[in-house]
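Have a look at the structure below, then the notes.
The values are calculated or read from the model by the stated rules, or taken from the named source; none is laboratory data. Small disclaimer: the values here were computed from a predicted structure and weren't measured. Counting neighbours? That spans all protein chains shown, and the Cβs are built from the backbone with ideal geometry, glycine included.
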Amino acid sequence: MRLEHIHTLPQEWDTFDDFERVKRWQMLGVDDVIDVSFPWSIHPDVKKTVWQEGKVICCAYETPEGTLLQKVKRTDEVIPPGWVVAPESPKLFEDFNLPRSEKFPVVSKDDIKHLKYLLCPPSQDEMAKYREKMEVIKRFCAEKGVAVQGWSAFGMDGVVWLMGAENAIVSAMTEPDFFQELVDTIYRFDIMRTERMIDTGGIDIIVQRGWYSSTDFWSPQLFRKYVTPNLKKLTEMVHQAGLKFGYVMTTGVMTLIEDLIDAGVDLLYYADPQQENFDLVALKDKVRERICIAGGISTSLILNRGEETLVKKKVREAMLKMEKRSFILSPVDALFPDTPYKNVEAMIEEWKDIR
């Protein structure tokens, strides 16, 4: 029930559910991809203990070099059907933690030493299961003509999950050596997962999450200091393997697009002209087909709120402004459980009419 190892679903979901999703989208004439995440393990000498203190769930990882402590408040809000839910016990990487953490796992430089015991390569059994899964996926994707995206890099998202957004930003400016060590620790973890994913095969695109690397959090100077160097190394490795590299960042696109292009990113998820209030023509002029852009229509501001006529208008604007070159029309950043299906149909119909 863990999606990409970072979200907990309210129902069971496996590879064959993904296959059914792909087939249903293809019946509507829509392109889809299969997403795969690479596993990792915890060192066998680590003892994990979970307990509750009032509304706070505590988790202690006893490693050979001491204990790493994490505390997350349980808020028990009612989650509507279909949305991701809070896991029963705290996870190191989880969006639910950010507004609810009473103590983040990494507070000081001394905490980093424990991560090598918690971010280990997958066990032999885990690798065997992953290889078996990839064989099934490769057969399906060859038959259906579907690309496979490998999610193997957390980047700054991993740093923020471990420290919290505010702590990370302050540390980047006041404790640069400590912060750089944590950034590099996550990078080595990303490299390990990416290398093994490439070696196993069956992947067309490697994707790095960058939700927490945008200008909502970082100045361009800090982005170039802490994100760009490792990102360049990762894209070079992926390109040497003959694969494409995708990066996820929904805000700060106009500010950081040149940095992403220079770093070797091939595909940017997601450009949202409604949320960021920019003109796609200006983005197209900046990009000049050096990178593929996915996005163009906001789910929260258009698909979830607009009428069908507005949806069609925004789809047409996006397609014509980007001139259908190096552009993938895609909702930003997903279709949600409360997205009206009539608006999804309107988006698909208008896209088919223009393409």
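Considering the stretch 278-308 alone, what residues qualify as being buried (at least 21 other Cβ atoms within 10 Å of the Cβ), not in a helix (DSSP H, G or I) and not β-branched (Val, Ile, Thr)?
Listed by number, the residues that qualify are Gly295, Gly296, Ser298.
Please count how many residues of the stretch 309-334 are buried (at least 16 other Cβ atoms within 10 Å of the Cβ) and in contact with a helix residue (DSSP H, G or I) (Cβ under 8 Å, 6 or more places away or on another chain).
15
If the Cβ limit is 7 Å and pairs must be 6+ apart or interchain, which residue in the stretch 65-76 that is of a type in the set (S, T, N, Q) pairs with which residue that is at pLDDT below 95?
From residues that are of a type in the set (S, T, N, Q), the pairs are Gln70/Pro90.
Given the structure, is Leu329 assigned to a loop (DSSP other than H, G, I, E, B), among the hydrophobic types (A, V, I, L, M, F, W, C) and within 24 Å of Arg24 (Cα to Cα)?
Taking the combined requirement at face value, the residue does not satisfy it.
If you check every pair at least six apart or on different chains, which have Cβ atoms under 9 Å apart with a residue in the stretch 121-133 that is polar (S, T, N, Q) first and a residue that is assigned to a loop (DSSP other than H, G, I, E, B) second?
Ser123/Pro39; Ser123/Pro44
So which residues in the stretch 305-330 are closer than 22 Å to Arg288 by Cα and not hydrophobic (A, V, I, L, M, F, W, C), if there are any at all?
The answer is Lys314, Arg316, Glu317, Lys321, Glu323, Lys324, Arg325, Ser326, Ser330.
Can you say whether Ile191 is surrounded by fewer than 20 Cβ atoms within 10 Å (Cβ to Cβ), more than 23 Å from Lys103 (Cα to Cα) and at pLDDT 95 or above, as far as the supplied structure shows? Give the derivation first.
Numbers: surrounded by fewer than 20 Cβ atoms within 10 Å (Cβ to Cβ): yes; more than 23 Å from Lys103 (Cα to Cα): yes; at pLDDT 95 or above: yes.
Criteria met by Ile191.
Read through the list (1) closer than 30 Å to Glu345 by Cα; (2) crowded, with 19+ Cβ neighbours inside 10 Å, then give the number of the only condition that Leu234 fails.
(1)
Show me the strands (runs of 3 or more DSSP E) entirely contained within the stretch 1-94 in which 3 or more residues are under 24 Å from the mean Cα position of the chain (by Cα) and more than 22 Å from Val107 (Cβ to Cβ).
33-37
Can you pull out every residue in the stretch 112-146 that is part of a loop (DSSP other than H, G, I, E, B), surrounded by 14 or more Cβ atoms within 10 Å (Cβ to Cβ) and of a type outside the set (A, V, I, L, M)?
Filtering the stretch 112-146 for residues part of a loop (DSSP other than H, G, I, E, B) gives 113-114, 119, 121-123, 145-146.
Subset that is surrounded by 14 or more Cβ atoms within 10 Å (Cβ to Cβ): 113-114, 119, 121-123, 146.
Once the filter is applied, which keeps residues that are part of a loop (DSSP other than H, G, I, E, B), surrounded by 14 or more Cβ atoms within 10 Å (Cβ to Cβ) and of a type outside the set (A, V, I, L, M), the stretch 112-146 yields Lys113, His114, Pro121, Pro122, Ser123.
Of all residues in the stretch 167-217, count the ones that are of a type in the set (S, T, N, Q), within 21 Å of Asp259 (Cα to Cα) and not in a loop (DSSP other than H, G, I, E, B).
3
Every residue in the stretch 27-65 that is touching a helix residue (DSSP H, G or I) at 6+ places or on another chain (Cβ under 8 Å) and either among the polar types (S, T, N, Q) or over 30 Å from Tyr269 (Cβ atoms) (or both), please.
Those that are touching a helix residue (DSSP H, G or I) at 6+ places or on another chain (Cβ under 8 Å) and either among the polar types (S, T, N, Q) or over 30 Å from Tyr269 (Cβ atoms) (or both): Ser41, His43, Asp45, Val46, Tyr61, Thr63, Pro64, Glu65.
Condition check: among the aliphatic types (A, V, I, L, M) and in contact with a Gly (Cβ under 8 Å, 6 or more places away or on another chain). Does Val22 satisfy that? Steps first, answer last, please.
Working: among the aliphatic types (A, V, I, L, M): yes; in contact with a Gly (Cβ under 8 Å, 6 or more places away or on another chain): no.
Spelling it out, it is not the case that Val22 is among the aliphatic types (A, V, I, L, M) and in contact with a Gly (Cβ under 8 Å, 6 or more places away or on another chain).
When only residues in the stretch 234-277 that are touching a residue at least 40 places away in the same chain (Cβ under 8 Å), out of contact with any strand residue (DSSP E or B) (no Cβ under 8 Å at 6 or more places or on another chain) and part of a helix (DSSP H, G or I) count, which is nearest to Phe189 (Cα to Cα)?
If we take residues in the stretch 234-277 being touching a residue at least 40 places away in the same chain (Cβ under 8 Å), out of contact with any strand residue (DSSP E or B) (no Cβ under 8 Å at 6 or more places or on another chain) and part of a helix (DSSP H, G or I), then Met237 is nearest to Phe189 (Cα to Cα).
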